[in-house]
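Structure record follows, encoded as structure tokens.
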Amino acid sequence: MGGVEDEEPALKRMKLSSKGVIGLSNGSSSVEPVGGSSSDLMARPLSLEGDEVIGSKGVIKREEFVRIITKALYSLGYKKSGARLEEESGIPLHSSVVNLFMQQILDGHWDESVVTLNKVGLADESAVRAASFLILEQKFFELLDREKVMDALNTLRTEIAPLCIDSNRIRELSSCIVSPCGQVGSSKQDIVQVRSRPKLLEELQKLLPPTMLIPEKRLEHLVEQALILQREACQFHNSFDKEMSLYSDHHCGKNQIPSRTSQILEAHDDEVWYVQFSHNGKYLASASKDRSAIIWEVDVNGGLSIKHKLLGHQKPVSSVSWSPNDQELLTCGEEEAVRRWDVSTGKCLQVYEKAGPGLVSCAWFPSGKCILSGLSDKSICMWELDGKEVESWKGQRTLKISDLEITGEGEHILSICKDNAILLFNKETKNERFIEEDQTITSFSLSKDSKFLLVNLLNQEIHLWDIEGNPKLVAKYKSHKRSRFVIRSCFGGLRESFIASGSEDSQVYIWHRNSGDLIEALPGHSGAVNCVSWNPANPHMLASASDDRTIRIWGLKRLNVNVKYPNAYTNGNGIHHCNGGALR
């Protein structure tokens, strides 16, 4: 924290008074004893200017502002500047009594520091006792370190124990005397090294009021708060934090939302039903009615080209799922089989199927060692990678056409168990919770943190559910069109601050997640948009899959249209088309 441990800034001061802190030419400092009555030691306000305020709103107290800047200067290592500011403003960072107290801590004058602390005049007696406990505990440790066992025991019995602060901690300290390799540390030396004297000052700072000891990095904290508030108030915020500046108030325009077609992928021969970016954002997988899946590779310029075309399914491919490490991919044929592929080679590693019912969905466990699939007989099956069936959950667990998700820790399995209900099934405890809607559920999508669920409904609404604890509905999104097909939505953008969805009117819809406001409706496709996927590593890249047999990649409007992509050609509008070219 700050610069306390390296060079304590509070002790390098201009001379406050004939009995205050005196800065030394070598950069060190000393504190002269403060004489006079005990009333001279009271922590009186440092204000030399009354309650003078600065700023246009009249809410910033000048004295506090100057002290916080001074503290920041010392913490940043600008000791001369800090001292000059104290001298020129006439506002000391700390009072003479606080400087005395801090010097006593650093010098190891424990009894004197406790006396000074009690004379400061703090109203919170519990804070004084807690601070005294930390000081005397440090005294105890250092006595033990110097092998003054009886003195340490006396300090524990007559000084620490009467404070009645923490009986468990007192027992731990007692064990240090009985056995130096006790509960607190592996040796006496380790125990003492747990907290150096400067570190003790940092711990005391957390107990004492900030008017007495300004918290470390207080100015940085205030500035960060201001930036975060600006970021949260920005409806279109979708830029990285490194792009924010202190020089001007932060505001993102719509140009931070991917709304311009940067590339059209045309390698499928029929409707494209599903797209999903890999977790690292380096690949995009697509699934099509043409019974193929394609792995697309994202290059350094943001262009996509075919890496592998995956053939082998006998029926249309309805969905895909990336392994946790993005090295393998699952593809699911429509009521057929699930296939596992090696992403680097394009080789099929395993086929998962059962006699009788077809497989309708697929998902990975977070460990990457097992997969799940939903079956057409409404059961859910768990498989090891080698194809061995590990467990099966019978009954009304999933529907004929159903999404399947697993929470981040692998604890809960999510599936559509009835037309209007989603099952949250605890794999270990077998406990079941439900999300129940008034309308038929067509699809759902889980947030990256596994805390929220997007649910697409038959009535052309998308509902956002908080699924921590008892599920509760928190937001609704409207305007997209859905009447006949399964339309999928997704979370996306920086911190998943946006919601995107396909639509049967050939457009891609984007809403602000928290406000529910519709931000964009993106035209371009000539058929229903079945699925969308936002690149998790690039908030400025969005993919959409359509019945028009294409995948559109959406980027920012300020995109450099001169960038060239492999296996692509450019039309007069600056849109890059990729028809596959040579397969790699």
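Accessible surface computed residue by residue for region 404-541, with neighbouring protein chains in place and a 1.4 Å probe, gives 40 Å² per residue. Relative to the Cα centre, the charge distribution of region 446-534, modelled as +1 at Lys and Arg Cβ and -1 at Asp and Glu Cβ, gives a dipole magnitude of about 120 debye. Within region 284-349, the trypsin sites (Lys or Arg not before Pro) that combine a DSSP coil assignment with at most 12 other C-beta atoms in a 10 angstrom radius are Lys347. Between the residues Thr429, Gly524, Tyr509, the greatest Cα displacement towards the positive end of the dipole of region 396-529, with unit charges on the Cβ of Lys, Arg, Asp and Glu, is found for Gly524.
Cross-link check: pairs Lys61/Lys119; Lys206/Lys451; Lys254/Lys309; Lys309/Lys369; Lys315/Lys378 evaluated at a Cα-Cα cut-off of 30 Å; pairs beyond the cut-off: Lys206/Lys451; Lys254/Lys309.
With 0.36 nm allotted per residue and the present C-alpha distance subtracted, the Asp326-Tyr247 stretch has 24.4 nm of extension available.
If you roll a 1.4 Å probe over region 454-518 with all protein chains in place, what percent of the accessible area is carbon or sulfur?
It is 44 percent, rounded to a whole number.
How charged is the neighbourhood of Ala130? Take every other residue with its Cβ under 13 Å from the Cβ of Ala130, and add Lys/Arg as +1 and Asp/Glu as -1. Neighbourhood net charge equals -2. Modelled spin labels at Lys418 and Val53, positioned 7 Å past Cα toward Cβ, are 5.8 nm from each other. Restriction of the GluC sites (Glu not before Pro) in region 447-534 to DSSP coil positions whose beta-carbon has at most 11 other beta-carbons within 10 angstrom yields Glu468. What the phi angles of region 94-109 give under the Karplus curve with 6.51, -1.76 and 1.60, with θ = phi - 60°, is a coupling list of 10, 6, 4, 5, 5, 4, 4, 4, 5, 5, 4, 5, 5, 7, x, 8 Hz, glycine and proline written as x.
At a 1.4 Å probe, what is the % contribution of carbon and sulfur to the accessible area of region 236-361? Don't skip to the end; give the middle numbers.
On the way: 2270 of 5100 Å².
That fraction is 44 percent.
Relative to the Cα centre, the charge distribution of region 338-436, modelled as +1 at Lys and Arg Cβ and -1 at Asp and Glu Cβ, gives a dipole magnitude of about 240 debye. What shape does region 261-329 take by its C-alpha gyration tensor, where a ≥ b ≥ c are the square roots of the eigenvalues and a/c under 1.5 counts as rounded, a/b above b/c as prolate, and the rest as oblate? In terms of gyration-tensor shape, oblate.
Peptides 169-178, 273-282, 439-448 ranked from most to least packed, by the mean per-residue count of other Cβ atoms within 10 Å: 273-282, 439-448, 169-178. Compute the separation of the alpha-carbon centres of region 229-251 and region 404-463 and state it in Å as a whole number. So the two Cα centres are separated by 33 Å. A crude spin-label estimate for the pair Leu227 and Ser126, with each label 7 Å from Cα along the Cβ direction, gives 3.5 nm. For the peptides 65-74, 147-156, residues were scored by their other Cβ atoms within 10 Å and the scores averaged per peptide; the highest-first order is 65-74, 147-156.
Neighbours of Val317 by Cβ distance under 10 Å: Lys/Arg scored +1, Asp/Glu scored -1, total +1.
Fully extending the segment from Lys478 to Arg84, taken as 0.36 nm per residue of separation minus the present Cα-Cα distance, adds 135.8 nm.
The values are calculated or read from the model by the stated rules, or taken from the named source; none is laboratory data. What you are looking at is a predicted structure, and each value in this text was computed from that prediction instead of being measured. Reconstructed Cβ throughout: ideal geometry from the backbone, glycine too, with neighbour counts over all protein chains shown. Ligands, DNA and RNA are excluded from the accessible area calculation, which covers all protein heavy atoms including side chains. Shrake-Rupley method; radii C 1.70, N 1.55, O 1.52, S 1.80 Å.
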